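Shown next, in structure tokens, is the structure this report addresses.
The values are calculated or read from the model by the stated rules, or taken from the named source; none is laboratory data. All of these numbers come straight from a predicted model, not from anything done at the bench. Please note: Cβ atoms are built from the backbone with ideal geometry, for glycine as well, and neighbour counts cover all protein chains shown.
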């Protein structure tokens, strides 16, 4: 039995597939591709598939991970080729290898965010509003937890790695906590930004938020592989 970590892309139309439907899609792909995958034991055996870090609905990604175990005479490369042949073109495996890090090692995720300009709001005006928003001493939101709700300071959680204005909008690259201990969705930050604009700068607005996950990282900054 060979443990395998597959890295796959979730692009274009595939970004609208929920995490639950993604799991079902992959299970069907293994059956159609006739890849010998290991099944769990017990009263209700099922194909072992583990996704270390779920992706939010509507987000694209080029670095999603899926763990499984080959339980038969097939190489990882052949398994990848067979799976890609039956998976949709917007959902494709790009690498396969034996896992190096545990899923509990995940600490951060990098994202690229684009905020589209709308109406008379220019990219420069949107950038100025963003700079003022993020310059606040704290950006407090109420976040739901398993124990109820808690106040979270997004200013302390988000690391802004790049900010750039383009003709069609504002582009940002940011790093957010991710993993089993703390997991902060970037959408929370931009929901707070939208609320800030409505309250403080009502003449400035942005339209669609386009998000792509760029990397899944460990605490030391190395790639999760």
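Below are the figures for this structure:
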quantity	calculated
Subset of the stretch 9-24 that is surrounded by fewer than 17 Cβ atoms within 10 Å (Cβ to Cβ) and touching a strand residue (DSSP E or B) at 6+ places or on another chain (Cβ under 8 Å) - its residue that is farthest from residue 51 (Cα to Cα)	12
Matching entry among 41, 64, 78 (being more than 26 Å from residue 214 (Cβ to Cβ), modelled with pLDDT of 95 or more and either outside the structural domain of residue 165 (by TED's automatic domain parsing) or surrounded by fewer than 16 Cβ atoms within 10 Å (Cβ to Cβ) (or both))	78
Qualifying residue in the stretch 157-165 (condition: over 30 Å from residue 52 (Cβ atoms), outside any strand (DSSP E or B), in contact with a helix residue (DSSP H, G or I) (Cβ under 8 Å, 6 or more places away or on another chain) and not assigned by TED's automatic domain parsing to the domain that holds residue 63)	no
Within the stretch 186-211, considering residues that are in contact with a helix residue (DSSP H, G or I) (Cβ under 9 Å, 6 or more places away or on another chain) and closer than 19 Å to residue 10 by Cβ, the one modelled with the highest pLDDT	211
Scan of the stretch 198-220 for residues that are closer than 26 Å to residue 94 by Cβ, touching a residue at least 40 places away in the same chain (Cβ under 8 Å) and part of a loop (DSSP other than H, G, I, E, B), ordered by number	219
Only listed residue being over 28 Å from residue 67 (Cβ atoms) and under 16 Å from the mean Cα position of the chain (by Cα), chosen from 172, 126, 152	172
